[in-house]
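Participant: Quick one: the structure is below, and I'll ask about it shortly.
The values are calculated or read from the model by the stated rules, or taken from the named source; none is laboratory data. None of these values were measured; they are calculated from a predicted model. A quick note on method: Cβ atoms are made from the backbone with ideal geometry, for glycine too, and the neighbour counts reach across all protein chains shown. Quick note on the areas: whole protein, heavy atoms, side chains included, nothing else; ligands and nucleic acids left out. Shrake-Rupley method; radii C 1.70, N 1.55, O 1.52, S 1.80 Å.
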Amino acid sequence: MRILVSGASIAGPVLAYWLHKYGFEVTVVERSATLRKSGGHAVDLFRPAMDIVEMMGVLQPIQAKATGIERLGFRLEHRLDRHYELQISRLIGAVSDRHVEIMRDDLSEIFYDVTRESTDYRFGDSIASINEDPDGVDVTFEQGSPQRFDLVIGADGLHSNVRRLVFGEESRFATWIGGYLCVISLSHYSDLDGTSEAVCGVNRMVGFGAEPGLAGARAVFLFRPPRPLDYHHRDVARQKQLLREAYDGMGGEVPRLLSELDHTPTFYFDSITQLRMDTWSRGRVTLVGDAGYCPGPAVGGSTSLAVVGAYALAGELATAGGDHTRAFPAYEREIGDYVRRSRAFAMGAVKKLIPANRSDLWALVAISKAVTHLPLALTRALTRLSNSGVRLHDSVQLKDYSTATTHLPN
Ligand SMILES: Cc1cc2nc3c(=O)[nH]c(=O)nc-3n(C[C@H](O)[C@H](O)[C@H](O)COP(=O)(O)OP(=O)(O)OC[C@H]3O[C@@H](n4cnc5c(N)ncnc54)[C@H](O)[C@@H]3O)c2cc1C
């Protein structure tokens with residue numbers, strides 16, 4: 001059986017790995033000319049995703065590339081003279097007892113390396129049309145020749161092309177959950193070796209720093225305007241102007257960080273958007289990872305969800321002997337609860353990360369003190385009490401597909 005996957009970042013290569021293991025023939029088409037090197041951001045693998053990468057035999061290279069900061073120093077916008085510290089490693093320890101933070105580009109490269117021999121990767125191309133009949137799917141490409149496949153799977157991210165072609169415009173499924181995210185690299189900061197700081201205000205915060213072992217420093221802006229912003233996603237000048245307006249009058253390091261906008265080599269700006277689809281499969285086409293159920297970038301542990309989703313999809317296809325009419329509903333059932341709980345978690349995380357008033361800001365200070373001073377076991381107990389979804393990832397039970405014997409039609 002021949003399966004076409006669109007997207008070669010996280011979900012795509014993980015899916016390719018497991019599909020090949022079960023005997024499917026996999027082609028992956030990726031729009032970028034090479035593996036994407038966006039300048040990047042860090043992503044999280046929590047327990048279930050860690051268990052999967054271990055089964056894939058790539059735990060060691062992933063751990064070797066692990067990054068992450070121990071402590072985040074921060075100041076409140078209206079009390080810049082006081083400095084607080086949040087022990088990130090202890091906070092993560094309370095959330096998950098098996099976790100790695102790694103740059104997305106590094107993770108993607110590791111997944112690509114472990115699948116490149118067994119997968120037909122086609123870079124620099126994109127699906128132009130998908131036409132299904134009872135026996136298969138005819139696909140045309142922007143560059144390559146038309147081809148027929150048994151199934152097509154969109155692993156092409158939040159702004160998925162496959163989703164648009166099969167299910168319709170993104171605006172039908174995307175819900176703004178109250179924030180904007182901007183990441184820039186800082187070309188004029190050399191004094192941040194291994195440290196991270198933040199300035200937090202009502203409805204806006206910015207963190208900046210250099211992660212240990214990584215070249216270059218970055219700033220992450222998270223803010224909540226009173227209403228959705230009006231801009232075109234390719235109009236970078238307008239996005240920079242909106243960012244300057246959102247941080248107008250914020251003191252501390254912020255004016256210097258904003259001045260970096262004039263010469264930053266990498267600039268990412270997007271709304272924090274959650275995708276809500278009742279079903280993400282139609283006929284011989286389904287979606288995996290951010291394309292189908294992004295709970296919100298940087299707030300919902302979406303990388304772990306993408307890895308688990310890819311593992312479950314391949315496993316259900318193998319179990320059903322390639323019969324998508326049984327496999328796709330089983331896949332949606334298998335991860336449905338994880339998807340719903342990730343959405344709820346992301347909504348809560350946006351509220352906590354971008355405090356909406358002064359008392360929420362002070363709550364951040366209280367959390368930082370508790371996490372720093374309490375023993376880890378007590379911190380765990382408290383975070384469980386204060387937010388029932390906090391052990392979201394570690395509570396996921398992976399289905400064992402190791403006995404799935406695949407009898408695939410030719
Ligand atoms: C700024 C930022 C910060 C983040 N921080 C975190 C974090 O702290 N923790 C965390 O867990 N997650 C974080 N995320 C989210 C994380 O990056 C995603 O959840 C994860 O990468 C999802 O993987 P994916 O493979 O589903 O999609 P993506 O990584 O988005 O990959 C989609 C792939 O499809 C390709 N593609 C797009 N269009 C086409 C097309 N037309 N044809 C072919 N290929 C196409 C893209 O080039 C890309 O390679 C963050 C995201 C952003 C943007």
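Participant: Would you tally the residues in segment 317-363 being under 16 Å from the mean Cα position of the chain (by Cα) and among the basic types (K, R)?
Facilitator: Of the residues in segment 317-363, 3 are under 16 Å from the mean Cα position of the chain (by Cα) and among the basic types (K, R).
Participant: Hey, among the residues in segment 2-17 that are more than 10 Å from the ligand (Cβ to nearest atom) and either among the acidic types (D, E) or open to solvent by less than 10 Å² (accessible area, probe 1.4 Å) (or both), which one's farthest from the chain's Cα centre (by Cα)?
Facilitator: I3
Participant: Restricting segment 24-42 to residues that are within 8 Å of the ligand (Cβ to nearest atom) and at pLDDT 95 or above, which is farthest from L4 (Cα to Cα)?
Facilitator: Only one residue fits best here, namely R31.
Conditions tested, residue by residue: (1) open to solvent by 20 Å² or more (accessible area, probe 1.4 Å); (2) of a type outside the set (A, V, I, L, M); (3) closer than 19 Å to N161 by Cβ.
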{"residue": "P228", "(1), (2), (3)": "yes, yes, no"}
{"residue": "H233", "(1), (2), (3)": "yes, yes, yes"}
{"residue": "L242", "(1), (2), (3)": "no, no, no"}
{"residue": "L257", "(1), (2), (3)": "no, no, no"}
{"residue": "P265", "(1), (2), (3)": "yes, yes, no"}
{"residue": "D270", "(1), (2), (3)": "yes, yes, yes"}
{"residue": "D278", "(1), (2), (3)": "yes, yes, no"}
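Participant: Turning to a different aspect of this structure: Of all residues being near the ligand (Cβ under 8 Å from one of its atoms) and open to solvent by 10 Å² or more (accessible area, probe 1.4 Å) in segment 282-298, which is modelled with the lowest pLDDT? Just the residue, please.
Facilitator: A298
Participant: How many of the residues in segment 316-365 are of a type in the set (A, V, I, L, M), in a helix (DSSP H, G or I) and open to solvent by less than 10 Å² (accessible area, probe 1.4 Å)?
Facilitator: Adding up the residues that qualify gives 9.
Participant: Return yes when T273 is within 14 Å of the ligand (Cβ to nearest atom), within 22 Å of the chain's Cα centre (by Cα) and over 28 Å from G348 (Cα atoms) and no when it is not.
Facilitator: no
Participant: Keeping to segment 136-172, report how many residues are within 9 Å of the ligand (Cβ to nearest atom) and of a type in the set (K, R).
Facilitator: Residues flagged as within 9 Å of the ligand (Cβ to nearest atom) and of a type in the set (K, R) within segment 136-172 amount to 1.
Participant: Can you name every residue in segment 300-315 that is open to solvent by less than 10 Å² (accessible area, probe 1.4 Å) and either among the β-branched types (V, I, T) or more than 16 Å from the ligand (Cβ to nearest atom) (or both)?
Facilitator: V307, V308, G315
Participant: Return the residue satisfying two criteria in turn: it lies in segment 43-53 and is under 13 Å from T303 (Cα atoms) and in a helix (DSSP H, G or I), and of such residues it is nearest to the ligand (Cβ to nearest atom).
Facilitator: A49
Participant: Give the residue, chosen from T286, T264, that is over 18 Å from the mean Cα position of the chain (by Cα) and assigned to a strand (DSSP E or B).
Facilitator: T286
Participant: Being of a type outside the set (S, T, Y) and at pLDDT below 95: is that true of V139 here?
Facilitator: So V139 does not fit the description; no.
Participant: Additional query: Residue by residue through segment 205-259, note down the ones that are part of a loop (DSSP other than H, G, I, E, B) and of a type in the set (A, V, I, L, M, F, W, C).
Facilitator: A210, L214, A215, L229, M250
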